[in-house]
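Asker: Mind looking over this structure? Questions follow.
The values are calculated or read from the model by the stated rules, or taken from the named source; none is laboratory data. Quantities reported herein were computed from a predicted structural model and do not represent experimental measurements. Don't worry about glycine lacking a Cβ; one is built from the backbone with ideal geometry, like all the others, and counts go over all protein chains shown.
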Amino acid sequence: MNTDRCRETLKGRVPKIRILVPEGSLLSGIAHEIREMVLAYESDGHDFQCRGDAVNACASYAYALGWLDAGCSIGILSAGNPDGGWFIPASQSPDHGETRLGEKTARYRKLLRTACDAVLPSPDPGSLLLSGSEKIVMTGRTFLIYGETAMREHREWVALSCFSYGFGWLDAGIRAGFLTAQKDRDIFTI
């Protein structure tokens with residue numbers, strides 16, 4: 001199940017998180033905040049899983065991975081090598097929660113689609129940061145496509161993971177100032 005793979009991926013990478021920018025620099029606050037978001041959503045995922053809520057645990061773990069990989073891509077964190085295999089399920093689903101899984105997956109699909117439509121790169125077209133901002137947008141859109149493909153194939157756990165992960169990238173990009181929300185600002189952590 002994706003919940004287990006996401007959890008295990010985080011469990012292996014979180015202890016390796018290192019902030020790469022000097023303390024007190026312009027980027028250190030962003031690095032600390034991204035790290036805190038990763039830790040908070042890893043903890044939330046654990047709490048959900050302990051209560052038997054695999055659906056919300058999966059969404060939390062994947063969202064944390066999105067923030068973590070965005071922070072590493074920006075270059076302000078390191079956390080070991082990303083393992084892209086976390087969203088390929090070992091098995092399709094647990095014994096319960098199919099209705100909730102479908103509902104949650106549909107909500108996260110809508111959330112990521114709304115986010116993809118709302119964001120634009122923040123840097124000036126002449127800025128060296130523009131290509132990095134475009135990568136963040138592209139990652140969100142790519143995981144929307146992956147998730148929609150998984151939904152068509154009735155692989156809801158994969159879809160939920162992809163939608164949550166992609167939204168984590170966009171949310172981190174907004175929070176770090178690489179993206180701007182042209183609309184629907186209330187869905188982002190800003």
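Asker: List the number of the failed condition for I174; all other conditions in (1) modelled with pLDDT under 95; (2) more than 12 Å from Y108 (Cα to Cα) hold.
Answerer: (1)
Asker: Looking at (1) surrounded by fewer than 18 Cβ atoms within 10 Å (Cβ to Cβ); (2) of a type outside the set (F, W, Y); (3) assigned to a helix (DSSP H, G or I); (4) in contact with a strand residue (DSSP E or B) (Cβ under 9 Å, 6 or more places away or on another chain), which one does E148 not meet, given that it meets all the others?
Answerer: E148 satisfies all of (1) surrounded by fewer than 18 Cβ atoms within 10 Å (Cβ to Cβ); (2) of a type outside the set (F, W, Y); (3) assigned to a helix (DSSP H, G or I); (4) in contact with a strand residue (DSSP E or B) (Cβ under 9 Å, 6 or more places away or on another chain) except (4).
Asker: Within segment 177-190, how many residues are within 16 Å of L129 (Cβ to Cβ) and surrounded by fewer than 23 Cβ atoms within 10 Å (Cβ to Cβ)?
Answerer: 2
Asker: Only one residue in W169, W157 is touching a Gly at 6+ places or on another chain (Cβ under 8 Å) and in a helix (DSSP H, G or I), so which one is that?
Answerer: Of W169, W157, the one residue that is touching a Gly at 6+ places or on another chain (Cβ under 8 Å) and in a helix (DSSP H, G or I) is W169.
Asker: Right, another one. Name the residues in segment 23-66 that are within 20 Å of R109 (Cβ to Cβ), within 14 Å of the chain's Cα centre (by Cα) and aliphatic (A, V, I, L, M), would you?
Answerer: Hits for segment 23-66 are A57, A59, A62, A64, L65.
Asker: Does R141 satisfy the criteria of being over 24 Å from L39 (Cα atoms), under 13 Å from the mean Cα position of the chain (by Cα) and at pLDDT 95 or above?
Answerer: So R141 fits the description; yes.
Asker: If you don't mind, there's one more thing I want to ask. Could you give me the residue pairs with C-beta distances under 8 Å whose first residue belongs to segment 162-190 and is touching a residue at least 24 places away in the same chain (Cβ under 8 Å), whose second residue is outside any helix (DSSP H, G or I) and among the aromatic types (F, W, Y) wherever it lies, and which are 6+ apart or on separate chains?
Answerer: Going by the 8 Å Cβ cut-off, the qualifying pairs are L170/F188; D171/F188; I174/F188; R175/F188; A181/F188.
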